[in-house]
């Protein structure tokens, strides 16, 4: 009974540290190159993430849970190096574009690798079906929102960002094959002051941004 309680306690500690609630948690580096009331544009640096595809899952919430479950196993040591990797933020769920606006053919869930592992990512166990993903330096339009990121809410927030961009100098700067991503920074049991973001890749050479193609999964 004591051992069971101890294991449960360790799990709770790990859960508390899942998303952006532990001190000194690492996040990908970026520079804000434009800011206004409804969105900002960030220039992200080159980085390496670990990604878990969910190609047949049409629910954002279910895809996020499935992908993060595999990524969490990976950082807890389910890799060929037996490395335990610190949690980072955000957990990024990206839509694979479908036939029409905001229609999905599936998702992939990504987790930024700490600086220590950027050059040589540990190899995940094959059964996890995850792989490293190179996030090339480019600009992202970002809209922040609060609350829980649920299926209907993320679509509405993505539409709001699209509307804001349509009224801006970057109305035609979104690549035709672009998709939106949802970045989540908080653990699931945090109730208030939750931080979420909608990300959309944009081409904005006037801001020093490089063109970028959507990754194929």
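Since every read-out is calculated from the coordinates, none of them should be taken as a lab result. None of the values given here were measured: they were computed from a predicted structure. Here Cβ is always computed from backbone atoms with ideal geometry, including for glycine, and neighbour counts include all displayed protein chains.
Sorted from fewest to most neighbouring beta carbons within 10 Å, what does the list 46, 172 look like?
172, 46
Given points 7 Å out from each Cα along the Cα-Cβ axis, report the residue 56 to residue 83 separation in nanometres with one decimal.
3.2
What length, rounded to one decimal in nm, is gained on full extension from residue 76 through to residue 150, with 0.36 nm per residue of separation minus their alpha-carbon distance?
Length gained between residue 76 and residue 150: 24.0 nm.
For segment 84-174, what is the relative contact order in percent, using Cα pairs closer than 8 Å and at least 6 residues apart in sequence?
Relative CO of segment 84-174 lands at 18 percent.
With a 10 Å Cβ neighbour count serving as the proxy for reagent exposure, in which order, fewest first, do 58, 43 appear?
Ascending number of Cβ neighbours within 10 Å: 58, 43.
Considering the zone a paramagnetic label at residue 69 would reach in this model (a point 7 Å from Cα along the Cα-to-Cβ line), which residues of segment 123-143 have amide N under 18 Å from it?
125-131
Quick one: order 192, 109, 198, 48 by neighbouring beta-carbon count within 10 Å, fewest to most.
Lowest to highest Cβ neighbour count: 192, 48, 198, 109.
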